[in-house]
1. With Rg and the Kirkwood Rh both taken from Cα atoms, where does Rg over Rh land for segment 72-123?
2. For Tyr71, Tyr144, Tyr156, what's the fewest-to-most ordering of other Cβ within 10 Å of each Cβ?
3. Determine, for Val95, Val79, the number of other Cβ atoms within 10 Å of each Cβ, and report the residues in order from fewest to most.
4. Across the Cα atoms of segment 70-156, what radius of gyration and what greatest pairwise Cα-Cα distance (Dmax) are found, in Å?
Amino acid sequence: MRASIRHFLQETILIGLLISPVAVGQDLGTATLVEPVEFREAVIEPVNAKDVPAMRITLSTGTLKRTESGYSADYRVDVFPFFFFSESGSVHIDVSPESMGLLQSGQVISFSGKAINNHDHSRRLDGRVYPDDLLTGRIRLVVYVGSIELIFKTTYRFQGQEEE
């Protein structure tokens, strides 16, 4: 009896692997992600930085447009009440097609990127994306300003599917 239960479980797991989104249409030796859907644009909701005492730091981005290596947009950071720390510039987030495939199959992905303000100062970015469904989810973005880490947690949505 024990051997038949173990055999049943092994077959169930094997069937689950064969029909999972990662292996659809592939043999087990060359299982890869399904082809990701390409979206021309992504929208990130404006957000305040977390855990910054005595000030409010708000990040706003324009609509992120798809590039060959990820997404790019203009950004603005407003610092209240210290308005003279406010800045604007451009941001680029590196997202490979493989990472997009993982994201669209429901997996959390990490990314990196760079922001360059209007005074040509560069800011390193790191982040994680937590999908809720194919089009929406949550994003955690860390912006490094010198030795300071500004952490922004907000939502995103994709729009403008690429035509084939």
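Each reported figure results from applying straightforward, stated rules to the coordinates on display, with no laboratory input. Nothing here was measured: the structure is a model prediction, and the numbers come from that model. No Cβ is skipped: glycine too gets one built from the backbone with ideal geometry, and neighbour counts run over all protein chains shown.
1. Numbers: Rg = 14.8 Å, Rh = 12.8 Å.
In segment 72-123, Rg relative to Rh is 1.15.
2. On the way: Tyr71 24, Tyr144 14, Tyr156 21.
By the 10 Å Cβ count, ascending: Tyr144, Tyr156, Tyr71.
3. Numbers: Val95 23, Val79 16.
In increasing order of surrounding Cβ atoms, one gets Val79, Val95.
4. So, for segment 70-156, Rg and Dmax equal 14.0, 43 Å respectively.
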